[in-house]
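A short write-up of the structure that comes next.
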Amino acid sequence: MKLSVKTIVYSALLIALSVLLRRVLTVPLPVGILNFGGFPVVFAGLLMGPASGALVGGLSDVISAFLFPKGPYVPFFTITSMLTGIIPPLTITLMKQKNEATFISILIAVTLAQSITKLLLIPQIMFWCFGITPAITLFKGAIMELFHIPLYAVLSRSLLLTQTYSYIRAKRRRLFDKKTA
């Protein structure tokens, strides 16, 4: 991981945003609490690479757990948060889309990451640690991910287009060819 001033500043900003979105700015729904704290973690991975995504995911989970405790600290949740930042850039790299990531490739990467972490790992962790039936957690998680996945993909693609350099380059399509201009 290239540790430049820009990387440190972006990581700190995304960690703070993730803590804020995860614990403070939440939307209560009948099936659970909707928060968008995973977006900065996904975006960190796509912007700066899997190592930065893991760093932002891990630190934001630890900081939010100690600043705003909602129960005992469970390290397994930190690992799933780190995986949320690792999986999207690795998925796009494996799809050989690293130089020009399209919206579809970002959507697939975010869907894979959220499915593994929120729909497979979190229900198992909730069962192991708290005895909550995985089907209940899976149902609630699936409803939440119907909001998260498209929103994360759209925001990631839009924000990546504004960056001159990112780990996953989302190049703009030119409307006019140089020959016609």
- Per residue, the convex hull enclosing the alpha carbons of segment 48-121 has a volume in Å³ of 90 Å³
- Where in segment 1-94 are there chymotrypsin sites (Phe, Trp or Tyr not before Pro) that are in a DSSP coil and have at most 12 other Cβ atoms within 10 angstrom of their Cβ? Tyr73
- Query: Rounded, prolate or oblate: which one fits the chain, using the alpha carbon gyration tensor with axes a ≥ b ≥ c (rounded when a/c is under 1.5, else prolate when a/b beats b/c, else oblate)?
  - Reply: prolate
- Listed residues Ile116, Tyr167, Val9: farthest to the positive end of the dipole of the chain (Cβ charges): Tyr167
- Message: Probe radius 1.4 Å, ligands and nucleic acids ignored: give me the carbon and sulfur share of the accessible area of segment 1-125 as a rounded percent.
- Response: 77 percent
- Task: Heavy atoms only, probe 1.4 angstrom, no DNA, RNA or ligands counted: give me Val24, Val41 ranked by accessible area, highest first.
- Result: Val24, Val41
- Dipole magnitude of segment 19-127, debye to nearest 20 (Cβ charges: Lys/Arg +1, Asp/Glu -1, about Cα centre): 80 debye
- Query: Are there any helices in the chain, counted as whole DSSP H runs, that stretch 20 Å or more along their axis by Cα and score at least 1.0 on average by Kyte-Doolittle, and if so which?
  - Reply: 5-19, 50-67, 75-94, 134-161
- Item | By accessible area with a 1.4 Å probe, ligands and nucleic acids excluded, highest first: order of Lys118, Lys70, Lys140 | Lys70, Lys140, Lys118
- Task: Take the Cα gyration tensor of segment 7-105, multiply each eigenvalue by 5, square-root it, and list the three semi-axes largest first, rounded to whole angstrom.
- Result: 25, 15, 12
- Task: May I ask you to give the solvent-accessible area per residue for segment 1-120, in square angstrom, as obtained with a 1.4 angstrom probe?
- Result: 48 Å²
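The values are calculated or read from the model by the stated rules, or taken from the named source; none is laboratory data. What you see is a predicted model, and the numbers here were worked out from it, not measured in a lab. So basically every Cβ, Gly included, is an ideal-geometry build from the backbone, and we count neighbours across all protein chains shown. Please note that ligands, DNA and RNA were not included when accessible areas were found on the heavy atoms of the full protein model with its side chains. Shrake-Rupley method; radii C 1.70, N 1.55, O 1.52, S 1.80 Å.
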